[in-house]
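The next block holds one structure in the form of structure tokens; read it before the comments.
The values are calculated or read from the model by the stated rules, or taken from the named source; none is laboratory data. The structure presented is a predicted model; accordingly, all values stated were derived computationally and were not measured. Note: ideal-geometry Cβ built from the backbone for every residue, glycine included; neighbour counts use all protein chains shown.
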Amino acid sequence: MHTARHPDNRTWIICLFILLVAGRGLAQIDPEHRELLEAGYDQPLEGQGPLGGYAFAYYNDPDFFNTNTALRVVLSPTYLNSELGLKQLISPDTDVGLGVEGGGYADSYYEVQQGKLVKSESFNGYGGGVFDSIYQLLNPGMEIPLSLIARGGFHYATYHDANQTSAHFLLPPDQYDPYARVGLRLAGNQPQLNVPLGMEVSVWYEHQWHLNNDTYGFDDDRQVNSGVNLYWVYAGMDYTFTNSGQRVAFGITAGGSSDADRLSAWRLGGVLPFASEYPLAIPGYYYDELTAERFVHFYAAYDFPLVPSQFLKFRLEGASANVAYLPGLEQRGPWQSGVGCDLIIAPRNRNFQVMLRYGYGFNAIRDGSQGAQSIGLLFQYEFGGHKKSDP
């Protein structure tokens, strides 16, 4: 779910280190041992949007204490998201997860209207919560797992003025939000850059109860709705050709909602791959630039080596989305598209990757005209061993 927000100029340095993967944790117990450091930054070349950046450590031990427990921790200097997995707790094919998350700024909200960051209507948010999950394997013995995932939790958020929030803008009331999610997932994405081989097909539904629903804004012109329904489907694949080192990737996501408000609607834009569980990237756009009730999002990328050793690669990527906007945050047309190119440095048998990125958004509005550019940097470091070679 794409709901991460960003604070204002006063906290940009801090927020570069904020965990933006605060959706509600991953959607299954990670079966691989991982010790990763991830960092990303996306800088617009026209205008000023919400900060697009993160840095966090990802640790996963599938045999924590013993073979029947797993521990996943995602940590930044101001935010924590963790889950203790209890494998085969209910049956040989049923796992249970107990999680906690919380910290600073992940519930901050930024208003973007027609390509302009409206600082007077933006604010900081802090919070946290607990959740529990059930992971039911539906096809034991099959090579590609199909799982039913059910999750319930509680999230608390409190809001405070940012540096330039208008003194006449009434903040939303503190939120006490139970939520429930259910989904079917075939295979699953990995939390790493440029996975050589991967696939996922999944369908999800989530309901959020906003117990402290009330009005806010200028003269109470906005509403926190009492109940929000979110639903989405995703299909994606990554494949690397063994001999040539060429890699293709694509993804299709379609999502909708009922009774969504500004704090719960879908957000699209930017190119940060770990900014949410299902990132809705569009090169050249601000992060979270578009606010939608419904959407269909397409993404595709093609990598090819620039040198025989394949440590240096070039990527062409593109994304397009058909968007039904949240009322009050409309754009000129339903289609939003962008293209990009990336230089990837990933030496074989080494434990790091670096990506230098450029993006152009065809329909992004800047100073009344369409067209916007951005540059960015992604970095991954894998502790405890060398990076696995491509297949």
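When Ile13 is tested against the conditions (1) under 18 Å from the mean Cα position of the chain (by Cα); (2) of a type in the set (A, V, I, L, M); (3) at pLDDT below 95; (4) outside any loop (DSSP other than H, G, I, E, B), the lone failure is (1). For the stretch 116-152, the set of residues classified as free of Cβ contacts under 8 Å to residues at least 24 places away in the same chain and under 22 Å from Arg262 (Cα atoms) consists of Val118 only. What is the residue count in the stretch 311-337 for residues that are touching a Phe, Trp or Tyr at 6+ places or on another chain (Cβ under 9 Å) and either in a loop (DSSP other than H, G, I, E, B) or of a type outside the set (Phe, Trp, Tyr) (or both)? Of the residues in the stretch 311-337, 16 are touching a Phe, Trp or Tyr at 6+ places or on another chain (Cβ under 9 Å) and either in a loop (DSSP other than H, G, I, E, B) or of a type outside the set (Phe, Trp, Tyr) (or both). Filtering the stretch 274-314 to residues that are of a type in the set (Ser, Thr, Tyr), modelled with pLDDT of 95 or more and crowded, with 16+ Cβ neighbours inside 10 Å leaves Tyr285, Tyr286, Thr291, Tyr299. Thr253 fulfils the conditions (1) of a type outside the set (A, V, I, L, M, F, W, C); (2) modelled with pLDDT under 95; (3) within 14 Å of the chain's Cα centre (by Cα); (4) surrounded by fewer than 24 Cβ atoms within 10 Å (Cβ to Cβ) except for a single criterion, (2). Every condition in (1) in contact (Cβ under 8 Å) with a residue 12 or more places away in the chain; (2) outside any strand (DSSP E or B); (3) more than 30 Å from Arg262 (Cα to Cα) is met by Pro308 except one, and the failing one is (1).
Within the set Arg267, Arg262, the sole residue that is of a type in the set (D, E, K, R), over 20 Å from Tyr239 (Cβ atoms), part of a strand (DSSP E or B) and under 20 Å from the mean Cα position of the chain (by Cα) turns out to be Arg267. Just give me the residues in the stretch 64-100 being over 21 Å from Pro31 (Cβ atoms) and buried (at least 20 other Cβ atoms within 10 Å of the Cβ), in sequence order. Residues satisfying the conditions are Ser76, Tyr79. The number of residues in the stretch 207-223 that are surrounded by fewer than 20 Cβ atoms within 10 Å (Cβ to Cβ) and either under 19 Å from Gly129 (Cβ atoms) or aliphatic (A, V, I, L, M) (or both) comes to 5.
Regarding Val201, is this residue β-branched (Val, Ile, Thr), farther than 22 Å from Phe274 by Cβ, assigned to a strand (DSSP E or B) and touching a residue at least 12 places away in the same chain (Cβ under 8 Å)?
On the way: β-branched (Val, Ile, Thr): yes; farther than 22 Å from Phe274 by Cβ: no; assigned to a strand (DSSP E or B): yes; touching a residue at least 12 places away in the same chain (Cβ under 8 Å): yes.
Taking the combined requirement at face value, the residue does not satisfy it.
Considering the stretch 65-91, the residues that are assigned to a loop (DSSP other than H, G, I, E, B) and either modelled with pLDDT of 95 or more or hydroxyl-bearing (Ser, Thr, Tyr) (or both) include one that is farthest from Arg357 (Cα to Cα), namely Thr67. Note on the stretch 185-197: residues that are surrounded by 15 or more Cβ atoms within 10 Å (Cβ to Cβ) and either modelled with pLDDT of 95 or more or hydrophobic (A, V, I, L, M, F, W, C) (or both) total 5.
Number of residues in the stretch 220-240 that are touching a residue at least 40 places away in the same chain (Cβ under 8 Å), in a strand (DSSP E or B) and more than 18 Å from Ala292 (Cβ to Cβ): the value is 4. Within the stretch 260-272, not a single residue is charged (D, E, K, R), modelled with pLDDT under 95 and under 29 Å from Ser76 (Cα atoms). Among the residues of the stretch 123-174, those identified as part of a strand (DSSP E or B), closer than 21 Å to Gly104 by Cα and hydrophobic (A, V, I, L, M, F, W, C) are Phe123, Val130, Phe131, Phe154, Ala157, Leu170.
Has the stretch 322-330 got at least one residue that is closer than 24 Å to Leu197 by Cα and not hydrophobic (A, V, I, L, M, F, W, C)?
Taking the stretch 322-330 first, the residues closer than 24 Å to Leu197 by Cα are none.
No.
Give the stretch 45-63 a look and list any residue that's over 30 Å from Gly376 (Cβ atoms) and buried (at least 16 other Cβ atoms within 10 Å of the Cβ), or say none.
Of all residues in the stretch 45-63, those over 30 Å from Gly376 (Cβ atoms) come to 61-63.
Scanning the stretch 45-63 gives Asp61, Pro62.
The set of residues in the stretch 345-367 being within 29 Å of Ala254 (Cα to Cα) and not basic (Lys, Arg) consists of Met355, Leu356, Tyr358, Gly359, Tyr360, Gly361, Phe362, Asn363, Ala364, Ile365.
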